[in-house]
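Engineer: Provided herewith is a single structure, encoded as C-alpha cells, for subsequent inquiry.
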Amino acid sequence: MKNKNMIKTINWAIFITIVLMGVASAAITIYDLNSTTHTTFGEEGQSRVEFRWGLLDTIISVVILFMSSFLALGWKRLFPFNVPIAIIIAGFCYVLFFLTFTVGWVAFQGIFGFFYCILNRGNLNSILLSFLFS
C-alpha cells in the first residue's frame, strides 16, 4: 500500500510538472511571437500566431478523444500506467495547440514537446519499476 501511494505521488508530481512546463512554454512562445511579429520582416517574421485548421488537426483531435475516453473508462485498471498515458495525451494536446494556433517553424515546438512527453513517459516507467522491485 505504501508503494502504491508513493507511485501515485510520483505519477502526479511528474504529470503536473509536465503540464505546467507545457503551459509556460506555450505562453512564452505566443507572447514572443505576438511581440516580434510587427517588427520583423523576411524570414524572421515567418513564424507567427494565426488560426488554421486542417485534416491533420482533425485527426489529432479524434486521436485525443479516443485515447481520453479509453483512459477514462479504464483509469483504475491501468494503474500505474494511467498517468503516463495521460502524459502522452497531454503531448498530443500540445501538438494540436501549436499546429492550430501557429504558422511557420514554431509549430515544430509542439512536435518536440510531444517527443518530450513520449521520452518522459519511458523515464517515468523506469522510475516506477525501480520502486516496485526495490
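The values are calculated or read from the model by the stated rules, or taken from the named source; none is laboratory data. Computed from a predicted model, the values in this text were never measured in an experiment. Please note: Cβ atoms are built from the backbone with ideal geometry, for glycine as well, and neighbour counts cover all protein chains shown. These accessible areas exclude ligands, DNA and RNA; they are computed on the full protein's heavy atoms, side chains included. Shrake-Rupley method; radii C 1.70, N 1.55, O 1.52, S 1.80 Å.
Engineer: Pairs only if they're at least six apart or on different chains, beta carbon under 9 angstrom, first in region 55-78 and touching a residue at least 60 places away in the same chain (Cβ under 8 Å) and farther than 19 Å from Thr100 by Cα, second open to solvent by less than 60 Å² (accessible area, probe 1.4 Å) and among the small types (Gly, Ala, Ser); list them, first residue then second.
Structural biologist: Sorted first by the residue in region 55-78, then by its partner, the list stays empty.
Engineer: Could you check Trp12 against (1) at pLDDT 80 or above; (2) assigned to a loop (DSSP other than H, G, I, E, B) and say which number it fails?
Structural biologist: All conditions pass for Trp12, except number (2).
Engineer: What tally of residues in region 83-110 results from selecting those that are hydrophobic (A, V, I, L, M, F, W, C), over 12 Å from the mean Cα position of the chain (by Cα) and within 13 Å of Ile30 (Cβ to Cβ)?
Structural biologist: Within region 83-110, residues that are hydrophobic (A, V, I, L, M, F, W, C), over 12 Å from the mean Cα position of the chain (by Cα) and within 13 Å of Ile30 (Cβ to Cβ) number 4.
Let's see how each residue does on (1) of a type outside the set (A, V, I, L, M); (2) open to solvent by 20 Å² or more (accessible area, probe 1.4 Å); (3) within 18 Å of Ser61 (Cα to Cα):
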{"site": "Phe79", "(1), (2), (3)": "yes, yes, no"}
{"site": "Asn82", "(1), (2), (3)": "yes, no, no"}
{"site": "Ile89", "(1), (2), (3)": "no, no, yes"}
{"site": "Cys93", "(1), (2), (3)": "yes, yes, yes"}
{"site": "Phe101", "(1), (2), (3)": "yes, yes, yes"}
{"site": "Gly104", "(1), (2), (3)": "yes, yes, no"}
{"site": "Tyr116", "(1), (2), (3)": "yes, yes, no"}
